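Before any comments, here is the structure.
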Amino acid sequence: MPGFEPTHRVWQKLRANRAGLAGFALVSLYGLIALSVALGWAGQEWSLVSGERWESASSEHWFGTNQLGQDIFQRAIYSVRIAFEIGLLVALTSTLLGSVCGAISGWCADTWADDGVVFITGVLDSIPFYLFAAAVAFAFQASAWAMQIAMVATFWTTTSRLVRAEVMRLKNRDFVQSALAIGLPPHLVLLRHVLPNTGHILLAQAAMVFVAAIKTEVILSFLGLGVQDGVSWGLMLAESTQEVLVSQFNNHLAAAIPLLLLLLGFNLMIDALQDALDPRQGSA
């Protein structure tokens, strides 16, 4: 039965892709930083006023301090946790929702179920995302989950379309027809024989949604629609808009450079994963 590439072939392809390995190493480093913050080992003093206003970089404050005297390095480190928490939540939730809807739509093509999923995805895709996010944030002003709800409600549509197309292609393959011919229930065939063959799509799509969620959080927080009670790279960039006017760039650089490196690492890793996991690419 077609499916994921054998594990040893996937590993061979990944090892041969040096750019992908570099991206994986970079993302892993950020993941370890996020884990250390979550465990309370780093970044816990991000909100403390530990210095004077706009101190220069020193052994005590590696990136200096902001307008309030808070340590910029601590705030940048803590923001890694925020980025990973939001990215993981949105990626897992939207990928799960998109895979379920896409599988049902593709398996039941040209039925009312398919028409309903296609209609909903079309409606959601026609709404400008940031206007939709602003409306959700306004409607859920008392909720800390407004931003995540807005992202999940829109990001699942691409996954659904990709899975739908793949399921429609796979359901006419011989191994699926053989499973149906011997009397296996259709839902069991879908779960056991069809969905596993969309794994390469789901993994790559989850990684892309992770990246999109981080970028969206930064933009929404910069606009005042994202993180409210805490700190994130978006809030740091928003703070820096006033500081750069007086030639204080530490806050801006401490948010922009880590964000750039994380997105670069993810993009390199995603390209490598797509090449390694796609069963249609052949052996390495």
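None of the figures in this text is laboratory data; all of them are computed from the coordinates on show. This one's a predicted model, so the numbers in the text were calculated from it and none came from an experiment. Methodologically, a virtual Cβ is constructed for each residue, glycine included, from the backbone with ideal geometry; neighbour enumeration extends over all protein chains shown.
Computed quantities for the displayed model
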quantity	calculated
Shape category assigned to the range 66-134 from the gyration tensor of Cα positions, a/c cut at 1.5	oblate
Shape call, the range 132-209: gyration tensor on alpha carbons, a/c limit 1.5	prolate
Gyration tensor (alpha-carbon) shape descriptor, the range 71-267, a/c threshold 1.5	prolate
Point-charge dipole on Cβ atoms (K/R +1, D/E -1) for the chain, about Cα centre, debye to 20	960
Lys/Arg +1, Asp/Glu -1 at C-beta; the range 71-267 dipole; positive extreme among M208, H187, G98	H187
0 to 90° range, to nearest 10: angle between helix 250-277 axis and the chain longest Cα axis	20
Fewest-first sequence of W41, W46 by Cβ atoms within 10 Å of each Cβ	W41, W46
Cα long-axis angle, helix 18-38 against the chain (0 to 90 degrees, to the nearest 10)	60
3J(HN,Hα) from dihedral phi, the range 55-60, Karplus parametrisation 6.51/-1.76/1.60, rounded to Hz, x for glycine, proline	6, 6, 4, 8, 5, 7
Expected 222 nm ellipticity per residue - DSSP helices of 4 or more, -39500 (n - 2.57), all of the chain, to 500	-23000 deg cm²/dmol
Angle in degrees between helix 72-107 and the longest Cα principal axis of the chain, rounded to the nearest 10	20
Normalised contact order of the range 71-267, rounded percent, pairs of Cα under 8 Å and 6 or more residues apart	29
